[in-house]
Amino acid sequence: MLYLEKFEKLRDSQPRLALGQVSCENCEYSNYIGESKNCYLVTDCYQSENCLYGKRLFFCDSCIDCNIMERCQLCYGCTNCKKSYNCNHSRECLNCSDCDFCENLKGCQNCFACMNLRQKKYHILNKRYSPEEYEKIVKNAMESPEKIIEKFQEFKKTQPHQQSIQDSCENCEGDHLYNCQNCHYCFDSEKSKDSLYSDKLINCEDCCDVVIGDFSKWNYECVSSYFLHNSNFCYNCWESANLEYCEQCFQCQDCLFCVNLQHKQFHIFNIQYTKEEYLQKKSQIISEMKKTEEYGKFIGSTYPYEDTLAQEKPQQQGPQSLQK
C-alpha cells in the first residue's frame, strides 16, 4: 500500500486538532461544539449552555448526562427528547415537563414511570391520580429509586414498543429519522434524502457510509463532514469540495492525500500543483491504486480505541480489529 503508507506518514507528521470548537466560551474538554457556553465534557453540541457530560445536544440549557437532545432544559439522564423541561431518566419524550422515568410520551406533564401516553397529567404507571395523591406517591417512591427502576422495567414489558421511530419520512429504513426521504439503513438523522448506511446526518443528500454529516452531499466514507461536497474517504473536513483521502482540511477544493490545510486547491500530499498537473497526477494515482486494490481502503485511526466514542458500541472482535 504505497500511497496509503505515504499518506499515513504525512498524517503522523502533522499536528492534530485536539478539540473542535467554534465561537464557544468556557467549554472545557468539549469536542465538535459550536456557539455554546459553560459546557463541560460534551460532544457534538450546538448553541447549548450549562450542560455537562452529554452528546448531541442542540439548543439545550442545563442538561446533564443526556444524549441526543433538542431544545430541552433542566433535564438529567435523558435520551432522545425534544422540547422538554425538567425531565429525568426519560427517553423518547416530546413537549413534556416534570416527567421522571418515562418513555415515549408526547405533550405530558407530571408523569412518573409511564409509557406511550399522549397529553396526560398526573399519571403513575399509566394510571391517573389526583395532584395531591400524585405528589405523595412520587415523594415516597423517590426514597428508593432502585425499586422504581425495577418496577418500571417490568411495566414496560406489558407495553407495545415501536419497531422504528420515524416522523414525516418517506421510503426510509432505520431508526430515529425525521423529515427524511429515501434513506436506507440510516440512523439519528433528519432533513436528509437519498442516503445509505449513514449515521447522524442533518440536511444531507446522496451520502453513503457517512457518520456525522451536516449540510453535505455526494460524499462516500466520510466522518465529520460539514458543508462538504463530492468527497471520498475524508475525516473532519469542513466547507470543502472534491477531496479524496484528506483529514482536517478546511475551505479547500480539489485535494488528494492532504492533511491540515486551509484555503488550498490542487494539492497532493500537501504539495501545490497547477490545475492541469493536479488532474493528470490524480488520475494516475487513482488508476494505480485501483490496479493494486488499494483504492477504497483506509488507514487506521491516530486515536486509541479507549479514547474514542467507538467503545460505546460493542465490537464483536474487540478493539484489536480496529487497529488493522
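The values are calculated or read from the model by the stated rules, or taken from the named source; none is laboratory data. Because the structure is predicted, anything quoted here is derived from the model rather than measured. All Cβ positions, glycine included, derive from the backbone under ideal geometry; neighbour counts span all protein chains shown.
In table form, for the structure just shown:
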{"read-out": "Total residues in segment 179-199, condition part of a strand (DSSP E or B), under 14 Å from the mean Cα position of the chain (by Cα) and among the hydroxyl-bearing types (S, T, Y)", "value": "1"}
{"read-out": "Members of segment 77-100 that are more than 15 Å from K120 (Cβ to Cβ) and not in a strand (DSSP E or B)", "value": "G77, C78, K83, N86, H89"}
{"read-out": "Condition met for S130 (touching a strand residue (DSSP E or B) at 6+ places or on another chain (Cβ under 9 Å) and free of Cβ contacts under 8 Å to residues at least 12 places away in the same chain)", "value": "yes"}
{"read-out": "I165 vs. criteria in contact (Cβ under 8 Å) with a residue 60 or more places away in the chain and under 26 Å from C99 (Cα atoms)", "value": "yes"}
{"read-out": "Meets criteria (among the β-branched types (V, I, T), surrounded by fewer than 17 Cβ atoms within 10 Å (Cβ to Cβ) and outside any loop (DSSP other than H, G, I, E, B)) for I212", "value": "no"}
{"read-out": "Cβ-Cβ under 7 Å pairs, at least 6 apart or on other chains, segment 12-38 side assigned by TED's automatic domain parsing to the domain that holds N270 and closer than 28 Å to N270 by Cα, far side of a type in the set (G, A, S) and surrounded by fewer than 13 Cβ atoms within 10 Å (Cβ to Cβ)", "value": "none"}
{"read-out": "Residue check, D254 assigned by TED's automatic domain parsing to the domain that holds S301, touching a Lys or Arg at 6+ places or on another chain (Cβ under 6 Å), part of a strand (DSSP E or B) and modelled with pLDDT of 95 or more", "value": "no"}
